[in-house]
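Below you'll find the structure, written out as structure tokens, and then a few comments.
The values are calculated or read from the model by the stated rules, or taken from the named source; none is laboratory data. All values reported here derive from a predicted model rather than from experimental measurement. Please note: Cβ atoms are built from the backbone with ideal geometry, for glycine as well, and neighbour counts cover all protein chains shown. The area values use the complete protein model at the heavy-atom level, side chains included, leaving out ligands, DNA and RNA. Shrake-Rupley method; radii C 1.70, N 1.55, O 1.52, S 1.80 Å.
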Amino acid sequence: MTGVQVHDLLKLRQDVFVVEQACAFAEIDGRDGEALHLRALSGDDLAGVLRVFAPDSEGQARIGRIATAAGFRGSGLGHRMMAEALRLCAERWPEAAIDLSAQAHLETFYARHGFVTISGAYLEDGIPHLDMRRAPAT
């Protein structure tokens, strides 16, 4: 990505996670360099982002930092981004389960993509979350 593209990606995540959700946390966590980043564009506008991590030492890939710009919510973009992330994971790591930390109010959204809840609710940065997992593609 270019410097401008990186800036726009980090700004969108900051706008959603820090500003909109009024949640002061270290959004830039030092892990972006090891992630694959998916960006959804609408013309020149950045509409959504997410990041994908290769399987860890326990064999789980991870999807995270899923953010959709306010003007694109309700358009189905989130579902299209998840489908692309799942396709990428299945292509690169077909034998890996996929984990994510979901904001609790989005449990049904992720369940539509094959994720099941594997933890009780917990607070992360003051927001209720659940750990969810999707079985391997194979």
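Computed values, structure above
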{"read-out": "Evaluation of residue 89 against (1) touching a strand residue (DSSP E or B) at 6+ places or on another chain (Cβ under 6 Å); (2) part of a loop (DSSP other than H, G, I, E, B); (3) of a type outside the set (Lys, Arg) (one fails), failing number", "value": "(2)"}
{"read-out": "Test for residue 71: is it assigned to a helix (DSSP H, G or I) and of a type outside the set (Val, Ile, Thr)", "value": "yes"}
{"read-out": "Residue that is least open to solvent (accessible area, probe 1.4 Å), among those in segment 7-49 that are without any contact (Cβ under 8 Å) to a residue 12 or more places away in the chain and more than 24 Å from residue 125 (Cα to Cα)", "value": "43"}
{"read-out": "Residue list for segment 26-45, restricted to those being more than 24 Å from residue 56 (Cα to Cα) and within 17 Å of the chain's Cα centre (by Cα)", "value": "40, 41"}
{"read-out": "Every residue from segment 113-138 that is over 16 Å from the mean Cα position of the chain (by Cα), more than 19 Å from residue 56 (Cβ to Cβ), at pLDDT 95 or above and not in a strand (DSSP E or B)", "value": "120, 121"}
{"read-out": "Pairs, first within 13 Å of residue 18 (Cα to Cα) in segment 57-68, second of a type in the set (Lys, Arg) and open to solvent by less than 50 Å² (accessible area, probe 1.4 Å), C-beta under 6 Å, six or more apart", "value": "65/13; 65/51; 67/13"}
{"read-out": "Set 107, 84: member being touching a residue at least 24 places away in the same chain (Cβ under 8 Å), outside any strand (DSSP E or B), open to solvent by 30 Å² or more (accessible area, probe 1.4 Å) and touching a Ser or Thr at 6+ places or on another chain (Cβ under 7 Å)", "value": "107"}
{"read-out": "Failed condition for residue 110, given (1) under 14 Å from the mean Cα position of the chain (by Cα); (2) within 16 Å of residue 59 (Cβ to Cβ)", "value": "(2)"}
{"read-out": "Sole residue being open to solvent by 20 Å² or more (accessible area, probe 1.4 Å), hydrophobic (A, V, I, L, M, F, W, C) and over 26 Å from residue 5 (Cα atoms), chosen from 98, 118", "value": "118"}
